[in-house]
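Here the structure is laid out as structure tokens; the discussion comes afterwards.
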């Protein structure tokens, strides 16, 4: 029987990974999280797990062999608030704890598949897994980068194609802008699609940032990746234990925020029996509203991200990613079905 650990199990990506494992018939899963935010339990209700362990007790117990043979740890547990200013808290959660988990995995013979972030690139204009392009703009991005750097050091210079026997599999995923079901607990850190769905339901319009960084209103571009694709790539590496390294996990396709907004608007209009609008029509009728770019984000905001998928493809992963129009439409339909 394959036993798996998922940290951050009640969170957005963690709960979806459990769902993906369950779909394969894998349910000997130890879910690790902190349920101080009690309503996160909703993300676990429909999933099959073998145990739940609080984050405060799991790591030491795991290092001491309390859970028997673990095949792999999907490490999604971290402070994911990019606006968090407490650097000590961030480094304890995202760096020190992850280092301890890595050593425990090596000791226990477990593979480690962990969440890194596209925030490691920060102000860069090139999004390739190379130190030359890693320029985080906040302590969150730095905490993720430092652990990636530590893995490069621990796993050796050939980390991107680790030779069997050097270390157990270690894979870091640099998540770009992930969206999809089970993110409702994230508040301001939930995806643009999530917020715009609720804005449209409440106010009959969606809001986007106006002109900034040389981009037209709503024209800032991100690599938006649907959660089902994130899970599929995690599970591809789970199926290929000989592949290690740090990999971008985005679509490789930058799209403007306008595409997200228009897809939200048109999907909800379709559900009302109304026809699709062009961007110009949606903006001119007030269904998309542009607001002044906030001062608090100036100089700390990525106006453009696009994952370089060269390393992912070289590893052999040929997964085909959904574009915004496909993924956001599916997501909005799922949100609407919840009522």
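The values are calculated or read from the model by the stated rules, or taken from the named source; none is laboratory data. Here the structure is a predicted model, which is why all the values come from computation and not from measurement. Quick reminder, even Gly has a Cβ in these numbers, built from the backbone with ideal geometry, and neighbours come from all protein chains shown.
Worth pointing out:
- Unmet requirement for residue 166, which otherwise passes all of (1) surrounded by fewer than 19 Cβ atoms within 10 Å (Cβ to Cβ); (2) modelled with pLDDT of 95 or more: (2)
- Criterion applied to 295, 229 was being modelled with pLDDT under 95 and either under 24 Å from the mean Cα position of the chain (by Cα) or farther than 30 Å from residue 152 by Cα (or both), and the one residue passing it is 295.
- The conditions of being without any contact (Cβ under 8 Å) to a residue 24 or more places away in the chain, exposed (fewer than 13 other Cβ atoms within 10 Å of the Cβ) and either farther than 17 Å from residue 232 by Cα or in contact with a helix residue (DSSP H, G or I) (Cβ under 8 Å, 6 or more places away or on another chain) (or both) are not met by residue 27.
- In the set 128, 150, only one residue is surrounded by fewer than 17 Cβ atoms within 10 Å (Cβ to Cβ), under 19 Å from the mean Cα position of the chain (by Cα) and either under 17 Å from residue 247 (Cα atoms) or free of Cβ contacts under 8 Å to residues at least 24 places away in the same chain (or both); that residue is 128.
So that you can scan it fast, the table gives a plain yes or no per residue for (1) on the phi < 0 side of the Ramachandran plot; (2) in a helix (DSSP H, G or I); (3) crowded, with 17+ Cβ neighbours inside 10 Å; (4) at pLDDT 95 or above:
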| position | (1), (2), (3), (4) |
| --- | --- |
| 36 | yes, no, no, no |
| 40 | yes, yes, yes, no |
| 46 | yes, no, no, yes |
| 49 | yes, no, yes, yes |
| 60 | yes, yes, no, yes |
| 66 | yes, no, no, yes |
| 69 | yes, no, no, yes |
| 74 | yes, no, yes, yes |
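- Cross-chain or 6+ apart pairs with Cβ under 8 Å, segment 1-21 first and on the phi > 0 side of the Ramachandran plot and crowded, with 24+ Cβ neighbours inside 10 Å, then assigned to a helix (DSSP H, G or I) and at pLDDT 95 or above: none
- Residue within segment 95-111 that is at pLDDT 95 or above, assigned to a loop (DSSP other than H, G, I, E, B) and surrounded by 21 or more Cβ atoms within 10 Å (Cβ to Cβ) present: yes
- Restricting 219, 214, 245 to residues that are buried (at least 16 other Cβ atoms within 10 Å of the Cβ) and over 25 Å from residue 202 (Cα atoms) narrows the list to 245.
- Residue 53 vs. criteria closer than 24 Å to residue 145 by Cβ, without any contact (Cβ under 8 Å) to a residue 60 or more places away in the chain and outside any loop (DSSP other than H, G, I, E, B): no
- Taken over segment 56-103, the residue count meeting the criterion of being touching a residue at least 60 places away in the same chain (Cβ under 8 Å) and more than 21 Å from the chain's Cα centre (by Cα) is 5.
- Qualifying residue in segment 313-325 (condition: over 30 Å from residue 130 (Cα atoms), in contact (Cβ under 8 Å) with a residue 12 or more places away in the chain and assigned to a helix (DSSP H, G or I)): yes
- Residue satisfying condition, being within 25 Å of residue 243 (Cβ to Cβ) and in contact with a strand residue (DSSP E or B) (Cβ under 6 Å, 6 or more places away or on another chain), within set 156, 219, 180, 210: 180
- Within segment 230-260, the set of residues being out of contact with any strand residue (DSSP E or B) (no Cβ under 8 Å at 6 or more places or on another chain) and over 21 Å from residue 302 (Cα atoms) comprises 231, 232, 235, 236, 239, 240, 242.
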